[in-house]
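The values are calculated or read from the model by the stated rules, or taken from the named source; none is laboratory data. Remember, it's a predicted structure, so these values are computed and weren't measured experimentally. Glycine also receives a Cβ, built like all others from the backbone with ideal geometry; neighbour counts cover every protein chain displayed.
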Amino acid sequence: MKRLLPLLAILVLWSGPVRAAEGSTPPYETDLLKLAELLGGLHYLRPLCGMTGEDQAWRGEMQALIDAEQPSDARRGKLVAAFNQGYGSYAQVYRTCTPAAALAVQRQLEEGARLAHEIVVRYGGN
């Protein structure tokens with residue numbers, strides 16, 4: 001269920017966010033990049049910690065975010081780089097699921113839900 005919190009918030013966000021003018025950076029960019037980084041970390045850690053069936057789930061969440069945002073090539077590159085940074089930073093540290101890795105998963109889920117909620121509250125809606 002906790003996995004669904006960021007997903008639901010992202011879906012609400014993209015139903016009607018404040019769009020930046022063509023070629024400009026939206027006001028929620030920093031939070032969106034952090035969210036992408038969290039998704040990358042979850043993409044690595046959740047399967048490592050035995051969450052079967054999630055091998056591609058978080059990559060799919062990232063793709064859905066990109067599809068909904070429809071960023072320019074430059075912004076898409078930044079989002080993908082943030083996702084990869086999140087993945088790579090945990091891949092360098094954890095080879096097996098440890099209590100610290102499980103705690104990192106929990107914290108990322110909580111932070112992702114918080115960030116997505118804040119973006120929706122500040123910038124979502126019509």
Subset of the stretch 38-56, residues over 17 Å from LEU79 (Cα atoms) and touching a helix residue (DSSP H, G or I) at 6+ places or on another chain (Cβ under 7 Å), comes to LEU45, ARG46, LEU48, CYS49, GLU54, ASP55
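Residue by residue through the stretch 73-108, note down the ones that are over 13 Å from TYR44 (Cα atoms) and touching a helix residue (DSSP H, G or I) at 6+ places or on another chain (Cβ under 7 Å).
Here is the first cut: in the stretch 73-108, the residues over 13 Å from TYR44 (Cα atoms) are 73-82, 98-100, 103, 106-107.
If the condition is that a residue be over 13 Å from TYR44 (Cα atoms) and touching a helix residue (DSSP H, G or I) at 6+ places or on another chain (Cβ under 7 Å), then ARG76, LYS78, LEU79, ALA82 are the ones that fit.
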Among (1) buried (at least 16 other Cβ atoms within 10 Å of the Cβ); (2) out of contact with any Ser or Thr (no Cβ under 8 Å at 6 or more places or on another chain); (3) not acidic (Asp, Glu), GLN85 falls short only on (1)
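Mind listing whichever residues of the stretch 103-126 are small (Gly, Ala, Ser) and in a helix (DSSP H, G or I)? Please lay out each step first, then the result.
Step one: filter the stretch 103-126 for residues small (Gly, Ala, Ser), giving 104, 112-113, 116, 124-125.
Hits for the stretch 103-126 are ALA104, GLY112, ALA113, ALA116.
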Scanning the stretch 89-117 for residues that are farther than 18 Å from GLU61 by Cα and either of a type in the set (A, V, I, L, M) or touching an Asp or Glu at 6+ places or on another chain (Cβ under 9 Å) (or both) gives SER89, ALA91, VAL93, ALA100, ALA101, ALA102, LEU103, ALA104
Output for Cβ contacts, cut-off 6 Å, separation at least six or different chains, first residue within 21 Å of GLY88 (Cα to Cα) in the stretch 46-75, second exposed (fewer than 14 other Cβ atoms within 10 Å of the Cβ) and at pLDDT below 85, reads PRO47/ASP55
Notebook entry, point to check: Being touching a Gly at 6+ places or on another chain (Cβ under 8 Å), aromatic (Phe, Trp, Tyr), within 19 Å of ILE119 (Cα to Cα) and in a helix (DSSP H, G or I), is that true of even one residue in the stretch 32-47?
Noted result: no
Restricting the stretch 53-102 to residues that are closer than 21 Å to GLU29 by Cα and assigned to a loop (DSSP other than H, G, I, E, B), the one modelled with the lowest pLDDT turns out to be GLN70
Taking first residues from the stretch 16-35 that are surrounded by 14 or more Cβ atoms within 10 Å (Cβ to Cβ) and polar (S, T, N, Q) and second residues anywhere that are outside any loop (DSSP other than H, G, I, E, B) and modelled with pLDDT of 90 or more, the pairs with Cβ under 8 Å that are 6 or more apart or on different chains are THR25/ARG75
